[in-house]
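Written below as structure tokens is the structure these notes are about.
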Amino acid sequence: MSGNVHAEVLWACGYALFLLAVAWGLVATRRKSRTAPFHLGLATFLVLLAGLLVGACAVRHPEGMELGLLGAVSLMVAWRARRTWVERWADASSRGEG
């Protein structure tokens, strides 16, 4: 499929971005909630799930256009993962766990 992107890749990228948006929302609400550890744990799981989804799709579709799109989304996953884990470590240290 030269020049076209598989529908599976588009679906995976869209769903991964949706998971990242939900994770961002959970991290953003942690300051207003008493259930911050739960929110951060769920956000971490969603970011890991998004990364797994993008990685699995990259293995299935290692073509040029698909791999470029998946690479861009994986950079967003990595950025969100870093931000989520920084928030999680900051929360753990503020509670005296780290």
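The values are calculated or read from the model by the stated rules, or taken from the named source; none is laboratory data. Bear in mind that the values here come from a model prediction, so they are computed numbers and not experimental data. No Cβ is skipped: glycine too gets one built from the backbone with ideal geometry, and neighbour counts run over all protein chains shown.
Which ones in region 28-50 are more than 24 Å from G68 (Cα to Cα), under 12 Å from the mean Cα position of the chain (by Cα) and either modelled with pLDDT under 85 or of a type outside the set (S, T, Y) (or both)?
Residues satisfying the conditions are L42, A43, F45.
Would you pick out the residues in region 46-62 that are outside any helix (DSSP H, G or I) and touching a residue at least 24 places away in the same chain (Cβ under 8 Å)?
Across region 46-62, the qualifying residue is only H61.
Are there any pairs, at least 6 apart or on different chains, whose C-beta atoms fall under 9 Å, with the first in region 71-86 and at pLDDT below 95 and the second among the hydroxyl-bearing types (S, T, Y) and in a helix (DSSP H, G or I), and if so, which?
Partner pairs satisfying both residue conditions: A81/T44; T84/T44; W85/T44.
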